[in-house]
């Protein structure tokens, strides 16, 4: 009997989620005080609110409509996972590909979800008004998120260096939901094996301003290792270009915890003036780690942020074609996952990306 592989794959994912959630709910029930086991969505008494579990139902539908099926399943099966101490919530929903690829024990799953939930209702408009370096509290005691980048003019904001891709998916009553490109924290195989959470709080002062970014001080991109990996795998000119502008990248993006590099076989602009070479090299680096499988699962025209402000990559062939080739900015990935580590991944591409020319400066 014929069947659809993608549907079977999704069914297995949802089955695994259901089993995980059942374990978490049982654990939460035995370790929580009776009076604190309240429903996730207890609405405030104002005329805008839907009531009781119906609000969760509408929120789940909105998530599914926007493509966040895994997070919708979490909300459907166990709203107690988020377990708020207040009546208002903001949930930062993780996109399906990255959260589907995370296989965590029940307690770590619970921590991950609570770390992506704030005990206050925040519209995208509210977030864009916050200054860069502001802190956002979460349902994990003592763990705070940090607004690491704000571009109010373009309506873009990053939290813990992760872009909000789907603002205001759901804003009803006491609940706001925004979609984010990936998780705010990354679990290594060692963390999962030891059932140990890597979630560390950003250091904030009493005014909820960032004092020190934990990810900046403890988890940084190993640039020297990347340069060696590029050279040893045949991307010599790109390695030379990256080494030439490395000091600038380290100064501007010292807090990056992971990157994806798209390496062309030849970088003909390696002899260009330093400012131009810097932009070209930065344009070939995305600010998050994407394996080939994760890139292939992203929708057509999905954006990938680069180190060049305002110039993102686009998935121009969202489905792997019959040759097994994926295109970014109409450039094929010919050698996927050349080097894959916890901090970086290198993909070989058929040629260098072409950048959009900046408008000429006008004299005053």
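Every number in this text was worked out from the coordinates using simple rules, so none of it is lab data. Since the model is a prediction, treat every value here as computed from it, not as a measurement. All Cβ positions, even for glycine, are placed from backbone atoms using ideal geometry, and neighbour counts span all protein chains on display.
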Where does segment 92-164 land on Rg(C-alpha)/(2.2 N^0.38 Å)? 1.17
Just the C-alpha atoms of segment 220-349: what Rg/Rh do they give, with Rh taken as the Kirkwood radius? 0.94
Taking only C-alpha pairs under 8 Å that are 6+ residues apart, what is the relative contact order of segment 221-295 in percent? 35
From the Cα gyration tensor of segment 238-279, with a ≥ b ≥ c the square roots of its eigenvalues, which class applies: rounded if a/c is under 1.5, or else prolate if a/b is larger than b/c, or else oblate? oblate
Label model pair residue 123, residue 334: point-to-point distance (7 angstrom along the Cα→beta-carbon line) in nm is 5.0
With a 10 Å Cβ neighbour count serving as the proxy for reagent exposure, in which order, fewest first, do 252, 300 appear? 300, 252
Alpha carbons only, please: Rg and Dmax for segment 264-306, in angstrom. 13.2, 37
